[in-house]
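I have a structure here, written as structure tokens, and I will follow up with some questions on it.
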Amino acid sequence: MKIKSRILVITISWVLCTVLANAQNVTKENVAGIRNFARVETTVACAGATNPEALAEIKNMGFASVINLRLSGERDNNVSAEAKVAEKVGLKFIHLPFNGGSPDPAVADRFIKTITQPGYQPAFIHCAGGVRAAAMWLIKRLVVDKWDVPRAMTEAEALGLTSRRLKQFALDYASQQTQ
């Protein structure tokens, strides 16, 4: 029995190390005017509420686009001001209102279409807290990059995906895309 237990422990350890090693490095940074900034190397950053004035720093960090997932009526969300500042500093700006309480697959469709266009990455994706942004990135990893679920979920959770509902939405959406 001891040999079987050791083999099981070694196997589980190897699987966990492989999954963690294959996930991209997520770093959390403090960026003035941005809540919950988390970056995946140079590919993407997911964040929460963002002051339009912070977009100059986003451009300086090397991002090519801003994808705002906030609903127009959300508190402190000024889509038109953000779009103007993005244009002024040279960032592509996309507003894809995404309701986390009632997620719409059509928004995920538009997100995939946008994020895969040449010139849109690296992308800065934000909502109010970062959860919806991380959910959309999970969808991209599963549908476009063809990552396996454990690897993609590890990265999405590190980016801030905490909502069980949005995790399930992303998994359901991805499985429908592969059928």
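Can you compute the radius of gyration and Dmax for the chain, using only the Cα atoms, both in Å?
Here Rg and the maximum Cα pair distance are 17.6, 67 Å.
Continuing with this model, one more query. Determine the calculated [θ] at 222 nm for the chain from helices alone, applying -39500 (n - 2.57) to every DSSP H run no shorter than 4 residues and normalising by the residue count; nearest 500 deg cm²/dmol.
Values: 7 runs with 87 residues, N = 179.
Calculated mean residue ellipticity at 222 nm is -15000 deg cm²/dmol.
Give the order of 65, 72 when sorted by the count of other beta carbons within 10 angstrom, beginning with the fewest. Each step should come with its number before you reach the end.
Details: 65 20, 72 11.
Sorted ascending by nearby Cβ count, the order is 72, 65.
Could you state the principal axis extents of the C-alpha atoms in the range 82-168, from the largest down, to the nearest angstrom?
39, 26, 24
Compute the helix-to-body angle for 105-115: its Cα long axis versus the longest principal axis of the chain, expressed 0 to 90° and rounded to tens.
For 105-115 against the chain, the angle is about 80 degrees.
Quick one: the Cα spread of the range 43-119 along its three principal axes, in angstroms, biggest first?
Principal-axis extents of the range 43-119 (Cα, largest first): 34, 31, 18 Å.
When a/c is below 1.5 the answer is rounded, else prolate if a/b is larger than b/c, else oblate, so apply that to the range 122-161 with a ≥ b ≥ c taken from the square roots of the Cα gyration tensor eigenvalues. Intermediate values should be presented prior to the final figure.
On the way: a/c = 2.46, a/b = 1.51, b/c = 1.63.
Note, shape of the range 122-161 comes out oblate.
Scattering from the C-alpha atoms of the range 97-146 alone, worked out with Debye: what is log10 I(q)/I(0) at q = 0.13, 0.16, 0.22 1/Å?
-0.28, -0.43, -0.82
So what are the ³J(HN,Hα) numbers for the range 160-171, from phi and the Karplus equation (6.51, -1.76, 1.60; θ = phi - 60°), rounded to whole Hz, Gly and Pro as x?
x, 6, 10, 7, 4, 4, 6, 4, 5, 4, 4, 5
List every residue whose amide H lies under 5 Å from the amide H of residue 129, counting only residues 5 or more places away in sequence or on a different chain, with H placed 1.01 Å from N in the peptide plane.
Residues meeting the criterion, in which the H sits 1.01 Å from N, are 49.
Using a 10 Å Cβ count of at most 13 others and DSSP loop calls, identify the longest part of the chain lacking such trypsin sites (Lys or Arg not before Pro). Don't jump to the answer; show the numbers that get you there.
Working: sites that count: 75, 146.
Result, exposed sites excluded: 1-74.
Every number in this text was worked out from the coordinates using simple rules, so none of it is lab data. Keep in mind it's a predicted model, so treat the numbers as computed, not measured. Note that each Cβ is placed from the backbone with ideal geometry, even for glycine, and that neighbours are counted across all protein chains shown.
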